[in-house]
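Worksheet: one structure, shown below.
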Amino acid sequence: MNPVISNLRPDTFRIDDGGVRFFLLCGTERALLADSGMTVKNAREIAEGLTSLPVSLLNTHADQDHTGSNDEFDEVMMHPDEEPLYRKNGYENRVVPVRGGDMIDLGERLLEVVDLPGHTPGSIGLLDRKMRVLISGDPIQQNGNVFMFGSHRDLRLYIESLKNLLPRLGEIDEIWPSHADLPVSPAVVPRLIEGAEKILRGELTGDHVEMHGRSIHRVDLGVTGMLVE
């Protein structure tokens, strides 16, 4: 399908390709793509049709539904803990490491990298403090399914990273995930922690489902689903 593009805020675009959503954030000097789609292979071309600024790429994580157009770029920003998975998926472009607390200056628009590991080892988000929005990638969702099955998922680390986010929720009015509902209230985060902790304690087991040739369980956390072994 052709991607659906909408203007969420001034100089801020949402791009939906039918499999995932990603975002174009523009400052006065440059623009940043937060992920590059799943089914589209020309995210850079799309972005350059929306802005005359030079466009850089950051991946919230290296799952392949977020890196569909990465080959258009010579380099990509991501957390270094994502690079092993990224290389395993066959990409050869240069990785520019970013970590929680790093600031990305687009020109009169600062984005803070926020560590959100657990869904993958190096999952990150982007906090636009002025806009009071967190672009969260996959860990925070509402009415979707957070994937927590597979060798590179870590439920304990997921809980820890969301707990680390709790003191920052007062800086955030909206969370923009890559899947399911948008926007999401910051009030979702404590509910995700509560549900994930119940899974760890064995209090929630969910229903058996088959996905990607694997036998897993979908657990209803109330606010969203979580897919676990």
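Observations, loosely collected:
- Scanning the range 22-42 turns up at least one residue that is modelled with pLDDT under 95 and among the β-branched types (Val, Ile, Thr).
- Looking only at the range 157-177, and only at residues there that are touching a helix residue (DSSP H, G or I) at 6+ places or on another chain (Cβ under 7 Å) and not aliphatic (A, V, I, L, M), the one that is nearest to Pro117 (Cα to Cα): Tyr158
- Residue within the range 53-66 that is farther than 20 Å from Asp181 by Cα and at pLDDT below 95 present: yes
- For the range 30-49, the criterion of being in a loop (DSSP other than H, G, I, E, B), on the phi > 0 side of the Ramachandran plot and out of contact with any Ser or Thr (no Cβ under 9 Å at 6 or more places or on another chain) is met by none of the residues.
- Residue count for the range 4-29, restricted to those that are free of Cβ contacts under 8 Å to residues at least 60 places away in the same chain and either over 17 Å from Pro177 (Cα atoms) or small (Gly, Ala, Ser) (or both): 4
- Scope the range 27-65; condition touching a helix residue (DSSP H, G or I) at 6+ places or on another chain (Cβ under 6 Å) and surrounded by fewer than 24 Cβ atoms within 10 Å (Cβ to Cβ); matching residues: Met38, Arg44, Val55
- Residues that are out of contact with any Asp or Glu (no Cβ under 7 Å at 6 or more places or on another chain), farther than 23 Å from Ile159 by Cα and of a type in the set (Lys, Arg) do occur in the range 80-99, at least one of them.
- Residues of the range 183-227 that turn out to be in contact with a strand residue (DSSP E or B) (Cβ under 6 Å, 6 or more places away or on another chain), surrounded by fewer than 19 Cβ atoms within 10 Å (Cβ to Cβ) and within 20 Å of Val133 (Cα to Cα), as a count: 1
- Condition broken by Glu112, with the remaining ones in (1) over 22 Å from Leu227 (Cα atoms); (2) among the acidic types (Asp, Glu); (3) outside any strand (DSSP E or B); (4) free of Cβ contacts under 8 Å to residues at least 60 places away in the same chain satisfied: (3)
The values are calculated or read from the model by the stated rules, or taken from the named source; none is laboratory data. Since we're looking at a predicted model, the values are computed, not measured. Every residue, glycine among them, receives a Cβ derived from its backbone with ideal geometry; neighbour counts consider all protein chains shown.
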